[in-house]
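**Q** Just passing along the structure, written as structure tokens.
Only the coordinates and a few stated rules stand behind these numbers; no lab work does. Please read all numbers here as calculations on a predicted model, not as lab measurements. Cβ sites come from the backbone with ideal geometry, for glycine too, and all protein chains shown count toward neighbours.
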2 protein chains.
Amino acid sequence: MSNYRPPLRDIRFVLEHIGGLEGLSALPGFEHVEADDVYGALDEAGRFFSEVVAPTNRIGDENGITWNADGSVTVPDEMTAAYRQYVDAGWGAVKGDMEYGGHGFPAVMATAIQEMLTSANMAFSLCPMLTSSAVEALEHHGSDELKAVYLEKLNTGEWAGTMALTEPEAGSDVGALRAKAWQEDDGSWRVQGTKIFITWGEHEMAENIIHFVLARAPEAPPGTKGISLFLVPKYLVNDDGSLGERNDVECVGVEHKVGIHASPTAVMAYGEQQGSIAYLVGDVNAGMRCMFTMMNDARLHVGLEGLGLSERAYQLALGYALERKQGRAIGAPKGHASPIIEHPDVRRMLMTMKANVEAMRSLIFDAVAAGDLRNHGEDERARILGSNRMALLTPVAKAWATDLGVEMTSLGVQIHGGMGFVEEAGAAQHWRDSRIAPIYEGTNGIQAIDLVLRKLPLDEGRVVTGYLDEMDETATQLAESTDGLSAMAGPLREAVGGLRATTEWLLDGTDPSDALAGATPYLRQFGVVAGGYYLAKSALIAKRLLAEDGDDSWLQAKIDTAVFYAHQILPQAAGAAPAVTAGADQLFAVDTEMLGQ
Amino acid sequence: MSNYRPPLRDIRFVLEHIGGLEGLSALPGFEHVEADDVYGALDEAGRFFSEVVAPTNRIGDENGITWNADGSVTVPDEMTAAYRQYVDAGWGAVKGDMEYGGHGFPAVMATAIQEMLTSANMAFSLCPMLTSSAVEALEHHGSDELKAVYLEKLNTGEWAGTMALTEPEAGSDVGALRAKAWQEDDGSWRVQGTKIFITWGEHEMAENIIHFVLARAPEAPPGTKGISLFLVPKYLVNDDGSLGERNDVECVGVEHKVGIHASPTAVMAYGEQQGSIAYLVGDVNAGMRCMFTMMNDARLHVGLEGLGLSERAYQLALGYALERKQGRAIGAPKGHASPIIEHPDVRRMLMTMKANVEAMRSLIFDAVAAGDLRNHGEDERARILGSNRMALLTPVAKAWATDLGVEMTSLGVQIHGGMGFVEEAGAAQHWRDSRIAPIYEGTNGIQAIDLVLRKLPLDEGRVVTGYLDEMDETATQLAESTDGLSAMAGPLREAVGGLRATTEWLLDGTDPSDALAGATPYLRQFGVVAGGYYLAKSALIAKRLLAEDGDDSWLQAKIDTAVFYAHQILPQAAGAAPAVTAGADQLFAVDTEMLGQ
């Protein structure tokens, strides 16, 4: 039994009207894609995640994983069984290259699947998520030989992938890593070094684990320019594709974490004995580029964790609010206790969750669809447009959505009252699980710096300005709307105006210290305004569909949700703006030594 | 060893300049109070909590408590040992009535002690906290006979207290409770019923536990008008004051919680056998009044949990940010990794924590000092002023500070990066512990309703208006300041103006549904503005002291912290305002059945 209901209608709405699935399916390479087939497959996927994966969530949290003295890691049987079914059903292979066992569908479809998987069991979802990032790295940077051996098995999920970047002294500062690589006389590579925080670094859920390890080749320059990427299989692969000897790769421990208990976060010792047998991916010293390929894919998926957990927490809280009776709501008959959903404050929390969930889904799917355009656009201009849009939105998708993930799951706890603090109710798990997402794959502070220093200047600022223009165009359409939607035009226009002002300030040769100081509030402002934009756009679309198709209370709810956001959440963006442009001096005014007095 | 450093200088500053300790010590009943003695005692208390209690925090979290099949609860030995020392040192008796073993000091001094205790070990602190609430109930509503038997032992902490209000169907809606009370032929009372979520409901840390149980006497009217308060001792007390037989009171289980693992949250069965022997406190059917006496004391203490955990989390994060090196800060020599505290984004998180900690401390201590005025004011007018101010600020202290507690401890996690998610680092525990505070002693939604429906109308709105006038007066003083402080006048005046507008809207005969709909954003707006007011006022005081005493970098840091808050946090208040006045319709526009589609 599961209490997760896949939000298929909203996923379809966003794929159709924000992600532009029809348009994507007309692009070169997607000739075999029919939108109706996609929706049919998503229905099927939703059933699978709801019925097979979602029930493993509490089991995984309660039992966690176990690190054994022989270096193996035990995962709950229920999860291993569900993983086998996941692989057999082919859900991991949706977007993969058709030459290598994939189905060649748009990434935005894979994202819809990954969202549902994350809602069903976030700890579990990290295994396919990292495999997907490994696939990206191999597809874009791997030699044909490596692809031939590894890509199909990774696409199907028979083998799992990892990203082995972090070391004790090299977290956010990847360039400080010390793991080393060298070539033997026969030209083959070896890798040696200890990596920490390796998600799904060791387990037996998949037959093999393919580690993607960053290390320094001999005489590599210091910093990020001297990093190379290596593929390090747990089991070596024989010429016939069967599994051979165990490589020199050992899990020497796992972390005791606040959440995602069922996901092994491993300390990995590579090559402690004689060096791990490794295969170079991409060129020597070009590892950072490969890493960013993996990272960008992973960052969007981490944003999806904020969305997926918020969705699940919302459903759980909604169910509780419908059942739990306390107090009498205004207008209810005397002497009767009302379901707490009838109390305005509980309703506010639920509407806040619902509105933010829909806003996050739109922004993330838009970013991923832009990635499909980057890869499949008909001409270079289209591909560059897609690439730039994806680049701009990736840090927002990652940081805004994961901060919201913590906040929305916290509202889920609050709606449960005292039961929210009791593990048995399940609300607390979503909140605990959510807390890692603002940290890994580049902390949200790093995302904000990326947005401000690297993404705003793209194409001399035209990428962000074009996006702002889109938002203003939506505000204009709202203003021209003859119905109730016109009242949303003012708040949206004002919010976009505020974002344009801080954007221009950041682009206008601002001192880098001041820009860094304002990065985090700017990203928040950006996310809140973008959320309002997507919901407003969705409301306009819903209005049009209502005019075409007549009464549909789902579409009306979509509009009402946008109205709530425009008037009650969107104004928060203005509250963040003054901190964007306040400069660094105020942050450093208190002497470091006085901070602790 | 402990990493908690009691913030004695800021506590003293707030006691002196916000709490008005000198003025309080001149009031009737406080003739024996010398401010210098208070500060001396706080230094001593700080040493005790830092050295004796703080080291038990991780032990308590890791080991938790154990419920045994015989109904007993085992607490870690280290905590029991620390509790004995706490009792022996007399820290629990500070504000108690001198006739009954107390030291008769102002409540605001006890609050300073309770803050440090909470920072040291929140789970532990709940035991004295509930005892303090029990003392309040007994002092104000108990008969002389009951006081003679129970009050001294509760004051010293030799016996602990509980508040047994909640039942499975009666949480926020206390009036729905079903526990029953009756009189035997000899006139003695019996109580029977099951209560849940009873903090420190069972343990052997204290010799006896005195339960304060709400129940319905025979023929009681329905709802809150039919509730009576009973004192139910775990062990009956013999005529000579020694402990006698065990009462019919049993702990039948404890909750498995997300945080405060070392605090037993008990399911208590009262009177399952033949009825618990009980003693009526106050009049029959007057239990709600007694409960509010306990609750109001407890609510301020819960607000203190937001403060105490934020302070401890801040210190931990600051220590980490000073040690941990990643990346090169702007201006640092090439090739060197900088402590992360040099990065603007980390600095922003630390300054946000520091500023909010100081703001919370001021507001809570002000509220408690108003309570001292209520109890000890020289004339009725002073006592009413104190009572009203305390009443106004209590829901803000409880809800704003506990919401901030979750947010600030979450920043503490974030500053730790990957280690923040690992339990070993300790940051996660503060975050987990913080999550209960917005829920218990009246959820924060209930606090917001209390503020809007009961507190704003006090004295026909003059209480809140007077408080707003105080804030405006501070803005005027800032504007008249000839130095750098004048730039804070604008933001403060604007924020107070915004709060005045929403306050007037709420007072102005607004439909109750609309007022309820806006209650939570209003409370947030109120807290953010009040925080800015206290910091601005503190900055003016610090400026004056600097002019008198010359160079003092601590006072300068106080000013710089206020400047940061005024320009970067205070503007968030305006972002909350539109949601206050948006009305209930937007919250209920989406049909209940469509929320789950």
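**Q** When each copy gets a label point 7 Å from Cα toward the beta-carbon at A:M98, what are the spacings between them in nm, shortest first?
**A** Distances to the matching label points in the other copies: 9.2 nm.
**Q** Could you pull the copy-to-copy label distances for A:W182, with points set 7 Å along Cα to Cβ, in nm to one decimal and sorted shortest first?
**A** Label-point separations across copies, in nm and ascending: 8.7.
**Q** Same structure, new question: Starting with the fewest neighbours, write out B:V33, A:V232 ranked by other beta-carbon atoms found within 10 Å of each beta-carbon.
**A** Least to most surrounded, the residues fall as B:V33, A:V232.
**Q** Moving on to the next point. Can you give the convex hull volume of the alpha carbon atoms of chain A per residue, in Å³?
**A** Dividing the Cα hull volume of chain A by its residues yields 177 Å³.
**Q** Roughly what % antiparallel, to the nearest 5, for the DSSP beta bridges in the protein assembly as shown?
**A** 80
**Q** Calculate one ³J(HN,Hα) per residue across the range B:178-189 by plugging θ = phi - 60° into the Karplus curve 6.51 cos²θ - 1.76 cosθ + 1.60, and present them in order as whole Hz with x for glycine and proline.
**A** Once θ is set to phi - 60°, the couplings for the range B:178-189 become 10, 3, 10, 10, 8, 9, 6, 4, 7, x, 6, 9 Hz.
**Q** Another question, then. Measuring label to label, 7 Å along Cα→Cβ, what does B:G40 give against each other copy in nm, shortest first?
**A** Between copies, matching label points for B:G40 lie 8.7 nm apart.
**Q** Further question: With 10 angstrom as the radius, rank A:R389, A:R328, B:R544 by how many other C-beta atoms surround their C-beta, starting from the fewest.
**A** Fewest to most other Cβ atoms nearby, the residues stand as B:R544, A:R328, A:R389.
**Q** For the rotation taking A to B, I'd like to know which residue in chain A has the C-beta closest to the axis, plus that distance in Å.
**A** A:G575, 1
**Q** Under a Cβ-Cβ cut-off of 10 Å, what is the net charge of the residues other than A:A35 that fall near it, where Lys and Arg count +1 and Asp and Glu count -1?
**A** Around A:A35, the surrounding residues sum to -4.
**Q** What distance in nm separates the two pseudo spin-label positions at A:T482 and A:L507, each 7 Å out from Cα along the beta-carbon direction?
**A** About 3.6 nm separates the two model spin labels.
**Q** Debye sum, Cα scatterers, the range A:368-488, no solvent: what log₁₀ I/I(0) at q = 0.19 1/Å?
**A** Once normalised to I(0) and log-transformed, intensities are -1.00.
**Q** Report, to the nearest 10°, how far helix B:287-323 tilts away from the longest principal axis of the Cα atoms in chain B, using its own Cα long axis and a range of 0 to 90°.
**A** That works out to roughly 40 degrees.
**Q** Give the angle, between 0 and 90 degrees and rounded to the nearest 10, that separates the Cα long axis of helix A:77-89 from the longest principal axis of the Cα atoms of chain A.
**A** That works out to roughly 90 degrees.
**Q** Provide B:T56, A:T581 in ascending order of the number of other Cβ atoms located within 10 Å of each residue's Cβ, fewest first.
**A** A:T581, B:T56
**Q** Counting just the Cα atoms, what span does the range A:145-196 cover along each of its three principal axes? Round to the nearest Å and put the largest first.
**A** Result for the range A:145-196: principal-axis Cα extents of 34, 31, 15 Å.
**Q** Right, something else. Beyond 19 Å, what share of the Cα-Cα pairs of the range A:457-589 remains, rounded to the nearest whole percent?
**A** More than 19 Å apart: 52 percent of the Cα pairs in the range A:457-589.
**Q** Over the range A:8-284, what per residue volume does the convex hull of the Cα atoms give, in whole Å³?
**A** So the per-residue hull volume is 142 Å³.
**Q** Okay, next question. In the P(r) worked out for the protein assembly as shown, what percent of Cα pairs fall beyond 39 Å?
**A** Summing the P(r) tail past 39 Å for the protein assembly as shown gives 49 percent.
**Q** Please report the relative contact order for chain B, taking Cα pairs under 8 Å with a sequence separation of at least 6, and give it as a percent rounded to a whole number.
**A** 12
**Q** Once you have a ≥ b ≥ c as the square roots of the Cα gyration tensor eigenvalues for the range A:195-276, tell me rounded if a/c is under 1.5, and otherwise prolate or oblate according to whether a/b is larger than b/c.
**A** oblate
**Q** Quick one: in the range B:45-134, what % of C-alpha pairs are over 18 Å apart?
**A** 45
**Q** Could you give the angle, 0 to 90 degrees to the nearest 10, between helix A:462-480's Cα long axis and the longest principal axis of the Cα atoms of chain A?
**A** So the inclination is approximately 20 degrees.
**Q** As I understand it, the dipole of the range A:8-284 uses +1 on the Cβ of Lys and Arg and -1 on the Cβ of Asp and Glu, about the Cα centre. Which of A:G19, A:Y235, A:T194 lies farthest toward its positive end?
**A** Farthest along the dipole direction, towards plus: A:T194.
**Q** Continuing with the same structure: At R0 = 22 Å, how high is the FRET efficiency between A:E169 and A:Q274 if r is their beta carbon distance? Nearest 0.05 is fine.
**A** 0.35
**Q** Then there's this: Per residue of A:335-341, how many C-beta atoms from partner chains lie within 10 Å of its own C-beta, taken as a mean?
**A** Partner-chain Cβ atoms within 10 Å, mean over residues of A:335-341: 2.
**Q** Classify the range B:464-512 as rounded, prolate or oblate, taking a ≥ b ≥ c as the square roots of the eigenvalues of its Cα gyration tensor: rounded when a/c is under 1.5, otherwise prolate if a/b is larger than b/c and oblate if not.
**A** prolate
**Q** Follow-up. What whole-number distance in Å separates the alpha-carbon centres of the range A:39-106 and the range A:285-342?
**A** 21
**Q** Hey, how many Å between the Cα centroid of the range B:540-590 and the Cα centroid of the range A:176-197?
**A** 52
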